[in-house]
Amino acid sequence: MPELPEVETTRLGLLPRVVGRSIRDVVVREPRLRWPVPRDLAARLRGTRVSAIRRRGKYLLFDCGTGHLLVHLGMSGNLTVVPPDRPVRRHDHVDLALDSGDIVRLNDPRRFGAVLWVRDPGHHALLDGLGVEPFEEAFDGEYLHRASRGRRAPVKQFLMDSRVVTGIGNIYANEALFAARILPSRAAGRIALGRFERLAREIRVTLERALAAGGSTLRDFVGSDGAPGHFQLEYAVYGRQGEPCPACGRPVSASRHAGRSTFHCASCQR
Ligand code: ZN
């Protein structure tokens, strides 16, 4: 599943080829994504100029004159810039044809992604309840400590709650908790401030490392210039059940919480 680093990498890849360009046409081959692609999308976008591409959580917002194109990559989506003669493949659901000739193409095999028209991103059901961004100044140990008081949920679930902090998915939650030496199943409300301070730092470091590597979760993820990515980060614990913990050498344990795989070292994390 694309996580924050993949979405941000996609955004950075799109910027130089898309911002400042006009949308010449829109082709919707499959409108049945997570929510239906609006029927009037082409009419709204045709002729508008993309003045910026922003990210909020895992949503991309293309600023287009009177409104915004909102794109979410769902479980398996990717958004690439391709030349006009690139043959259409299976699952290429939406194309934005730019005045440069380039095409911004959404491919999404599982169709959990979204392509919507949003007039006011400040008041939109999908964006309203989103918590702080992990790279915002407001995100720190004190914030996590305050937000977690009285919560009995496991700290991993707490971190993955987008109303608390946006864009931390399963992989990076596992990795940051390992780096901060916190047991994923520990009740969020019972963690002391000092440990949250370390956790907030480790979350940033983990995400920054992934950003530097260009995102990491999709085997077939490609940069938005269409070039193959060089991702597959080395994870400390994620996906490494039974392998030696990089800190102490004891085997990494795996379990499932709320339907998601959880990996930890029973001796390093508490
Ligand atoms: Zn260990």
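The values are calculated or read from the model by the stated rules, or taken from the named source; none is laboratory data. Everything numeric in this text was worked out from a predicted model, so none of it was measured. Here the Cβ is made from the backbone with ideal geometry for all residues, glycine too, and neighbour counts use every protein chain on show.
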For this session: Kindly indicate whether Ser253 is within 13 Å of the ligand (Cβ to nearest atom), at pLDDT 95 or above and exposed (fewer than 14 other Cβ atoms within 10 Å of the Cβ).
Result: no
For this session: For the range 173-181, indicate whether the set of residues that are outside any loop (DSSP other than H, G, I, E, B), modelled with pLDDT of 95 or more and over 20 Å from Val237 (Cβ atoms) is non-empty.
Result: no
For this session: Might you let me know whether the range 193-206 holds any residue that is in a helix (DSSP H, G or I), buried (at least 18 other Cβ atoms within 10 Å of the Cβ) and modelled with pLDDT under 95?
Result: yes
For this session: Enumerate the pairs (first residue in the range 248-270 and farther than 16 Å from Met1 by Cβ; second residue anywhere and of a type in the set (Asp, Glu) and within 15 Å of the ligand (Cβ to nearest atom)) with beta-carbon separation below 8 Å, excluding pairs fewer than 6 apart on the same chain, so at least 6 apart or on different chains.
Result: Pro251/Glu243; Val252/Glu243
Seminar exercise, completed: Restricted to the range 1-51 and to residues being in contact with a strand residue (DSSP E or B) (Cβ under 9 Å, 6 or more places away or on another chain) and hydroxyl-bearing (Ser, Thr, Tyr), the residue modelled with the lowest pLDDT is Thr10
Exercise. Hey, any hits in the range 115-130 for a residue that's in contact with a strand residue (DSSP E or B) (Cβ under 9 Å, 6 or more places away or on another chain), surrounded by fewer than 16 Cβ atoms within 10 Å (Cβ to Cβ) and under 26 Å from Val37 (Cα atoms)?
Worked result: yes
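Can you tell me how many residues in the range 256-270 are within 16 Å of the ligand (Cβ to nearest atom), of a type outside the set (Lys, Arg) and surrounded by fewer than 16 Cβ atoms within 10 Å (Cβ to Cβ)? Show your work before the answer.
Going through the range 256-270, the residues within 16 Å of the ligand (Cβ to nearest atom) turn out to be 262-270.
Narrowing the set further to residues that are of a type outside the set (Lys, Arg) leaves 262-269.
Pick out the ones that are also surrounded by fewer than 16 Cβ atoms within 10 Å (Cβ to Cβ) and you get 266-267.
Qualifying residue count, the range 256-270: 2.
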Problem set entry | Selection within the range 207-224 - touching an Asp or Glu at 6+ places or on another chain (Cβ under 7 Å) and modelled with pLDDT of 80 or more | Leu211
